[in-house]
Amino acid sequence: MSNWWKERIVYQIYPRSFADTNGDGIGDIPGIIAHLDELKDLGVGIIWLSPVYRSPGADNGYDISDYRDIAPEFGTMADMDALIQEAGKRDIKLVMDLVINHTSDQHAWFQSSRDKNSPYRDYYIWRPGKNGGPPNNWTSFFAEDCWEYDKKSGEYYLHLFAKEQPDLNYDNPQVLDEIKGIMRFWLHKGIAGFRCDVINIIYKSSLEDGKKRLALTGSEYYISQPGTHKILQELRRDVLSQYDCFAVGETVFVTPQMGKDLCDKSRGELDMIFSFEHMETDQYIVKWFKRRFHAGRFVKTIAKWQQALEWNANYLENHDQPRSVSRFGDADKYWAHSAKMLCTMLMTLRGTPYVYQGQEIGMTNFDYTNMEQIQDVESHNVNKLAKKLHIPAFYRWRMIKKSSRDNARTPMQWHTGKNAGFTTGKPWLAINHNYTRINMAAQMNDPDSVRSFYKTMIALRAGNDVLKLGSFRLISATRRLFIYERELDGRIYRVILSFSKKACKAPCDGILLLSNYPRDTYDGTLSPYEAVVVDKGDRQ
Ligand code: TEU
Ligand code: CA
């Protein structure tokens, strides 16, 4: 089987915010089908679809109540089958989100497990309280306690995310059998793999008290445990290896060594992982305490992962992160140039590039002014917690505005018409007012647009083995410049990226392959946020 997932680029769709076809204000599967031609035109080879399974939506689909059904707001199973088929016709593969650390509390398994005598009791992690409180001192990802007391059973259940997301118990072999069945169900339908949600924390090796931490007390007992490796090997052996598919893991708090282990070919666990270290370079410990973006810290971290892993899942955005142009570029004066520079980096690093919906038109962070406009459960929990800690309202809003996941979840900006063309109804989450300036229609036919640049870069990578398969060599990573080379069979390309608002010097001989400014040759001086790729020819 070929490694087609190394050759293609992935486009992530967050269905709720993509395109609404029935006027209920929520994006849906028919909306995705309606835009497949645009994705094909962009050069997309794989779609990663954020969850569309049946779900009460406490965490926008990351709380699944039926893994074999589609949430009615997104459509029907017939719509889903049509999507797989229509994408297939265009040679676009579909990857589903596999959320198996937890289910929804509305899942039939969980509802049944609330009864102590149920055969499903052991599907989840139930424990009696200790000294009148929860079973241990762990804390959750979403700024809550991670144990919820259930009156009906007189015990607590573990939830590392929201209380509507109880964690599954992987000490019970039946749970893994269920997961295998679900995976086969979707692979049979013709999907091409999975993006595995928080996959490196699924196995909990102990439930004792953890070392007190500012965030995630208890995490030493669940981050990348041997039990998780065992599960992943079993899923590969019994399921993934039977299909032409790939698995990318979302892995939190991974070190390069953990990443290497998870992607080690001889162990056969995952094909690649999303790591987070580069996304954490503009924060202190937790993302709510943002520090000033420092390009040097950022690109040094990217280079470190490029060097450590044989193959990376490269990304600058997803549905949990603020928009990259607002965060790592300049959303004002150099909006287009910095968006194109970031695109150049994404498409020329070694690994599979992931583009998040809207990134290809340079969508920016939201322009909200208050908490009422926010939908995300995580933001609301953090607000509640900060309020309890007597943090003043203006400061809470400042924290949330910068880091809220809703920054990336505002609806797609398709054109200048009503609601940016996203819906004819009331959008579930407010649309950014800048849609009259930043939208797909305006960029589709403008050869100088951010989207056209993405299209060019994707095509360049697709037809170029040096960019696809060449080795990575770091030349320099400073607060202004990120310079590296890709080499294959002696052919060398040098990529020079400026993160500076001023002109910078970086001499290099060779033939200019491309720049995000209009120029025919490279004279060694970069304009603000300029990106150039220089073909240095064959090594002598
Ligand atoms: O995210 C896991 C995760 O750890 C974070 O990125 C998290 O969303 C949070 O922002 C930390 O501050 C995955 C999904 O991508 C996310 O949407 C889900 O909410 C979460 O798992 C639970 O399923
Ligand atoms: Ca809809």
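What follows draws every value from the coordinates through simple rules; no lab data is involved. Remember, predicted model here, so these are calculated numbers, not experimental data. So basically every Cβ, Gly included, is an ideal-geometry build from the backbone, and we count neighbours across all protein chains shown.
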* **Relative exposure of Asp81, Asp282, judged by other C-beta atoms within 10 Å (fewest first)** => Asp81, Asp282
* Roughly how big is segment 382-540's charge dipole about its Cα centre, with Cβ charges of +1 (Lys, Arg) and -1 (Asp, Glu), in debye to the nearest 20? -> 1420
* To do: Provide the gained length on full extension for the span Lys151 to Arg213, in nm with one decimal, where the gain is 0.36 nm per separating residue minus the Cα-Cα distance.
  => 19.4 nm
* Structure fact -> Two pseudo-spin positions, 7 Å from Cα along C-beta at Ser471 and at Lys426, lie apart in nanometres by 6.0
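If packing is taken as the mean number of other Cβ atoms within 10 Å per residue, what is the order of 470-480, 191-201, highest first? Intermediate values should be presented prior to the final figure.
Values: 470-480: 16.4, 191-201: 24.5.
Packing proxy ranking, top to bottom: 191-201, 470-480.
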* Asked: Among the lysines, which have Cα under 23 Å from the Cα of Lys151 when same-chain residues fewer than 8 positions away are ignored?
  -> Lys116, Lys130, Lys163
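Please list 361-368, 226-233, 332-339 highest first by mean number of surrounding beta-carbon atoms within 10 Å per residue. Don't skip to the end; give the middle numbers.
On the way: 361-368: 22.9, 226-233: 17.1, 332-339: 20.4.
Final packing ranking: 361-368, 332-339, 226-233.
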* Structure fact -> antiparallel share of DSSP beta bridges within the chain, to nearest 5, in %, is 60
* What is the mean projected area of the alpha carbon convex hull for segment 286-379, to one decimal in square nanometres? -> 7.2
* To do: Classify segment 376-468 as rounded, prolate or oblate from the Cα gyration tensor: take a ≥ b ≥ c as the square roots of its eigenvalues, call it rounded if a/c is under 1.5, otherwise prolate when a/b beats b/c and oblate if not.
  => oblate
* Over the C-alpha atoms of the chain, what are the Rg and the largest Cα-to-Cα span, Dmax, in Å? -> 23.1, 75
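What pairs from Lys89/Lys468; Lys180/Lys384; Lys230/Lys468 go past 27 Å between their alpha carbons?
Numbers: Lys89/Lys468 24 Å; Lys180/Lys384 38 Å; Lys230/Lys468 31 Å.
Flagged as over cut-off: Lys180/Lys384; Lys230/Lys468.
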* Structure fact -> With label points set 7 Å from each Cα along the Cα-to-Cβ direction at Asp332 and Arg184, the distance between them in nm comes to 5.9
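Ordered by packing density, taken as the mean number of other Cβ atoms within 10 Å over each peptide's residues, highest first, how do 118-127, 206-215 rank?
Numbers: 118-127: 18.0, 206-215: 12.9.
Averaged packing, sorted descending, gives the order 118-127, 206-215.
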* Label point 7 Å out from Lys388 along Cα-to-Cβ: which residues of segment 344-381 have amide N under 13 Å? -> 381
* Just in segment 278-360: which GluC sites (Glu not before Pro) are loop by DSSP and have at most 16 other Cβ atoms within 10 Å? -> Glu310
* Structure fact -> Once Arg237 and Gln307 are pulled to full extension, the length gained, defined as 0.36 nm per residue separation minus their Cα-Cα distance, is 22.3 nm
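Pairs to check: Lys204/Lys265; Lys40/Lys93; Lys304/Lys402. Give those whose C-alpha atoms are more than 18 Å from each other in this structure.
Details: Lys204/Lys265 24 Å; Lys40/Lys93 11 Å; Lys304/Lys402 26 Å.
Correct reply: Lys204/Lys265; Lys304/Lys402.
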* Asked: When the distances between all Cα atoms of segment 48-202 are binned every 5 Å from zero, what whole-number percent does each bin get?
  -> 2, 9, 17, 21, 18, 13, 9, 5, 3, 1, 1, 0, 0
* To do: Please work out the Kirkwood hydrodynamic radius for segment 16-140, using every pair of different C-alpha atoms, and report it in angstroms with one decimal place.
  => 16.7
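Contour minus end-to-end for Asp446 and Gln373, with contour as 0.36 nm per residue of separation and end-to-end as the Cα-Cα distance? Walk me through the intermediate numbers first.
Working: separation 73, 0.36 × 73 = 26.28 nm, distance 3.26 nm.
Full extension from Asp446 to Gln373 adds 23.0 nm.
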* Residue among Ile374, Tyr334, Ser452 farthest towards the positive dipole end of the chain, charges placed on Cβ -> Tyr334
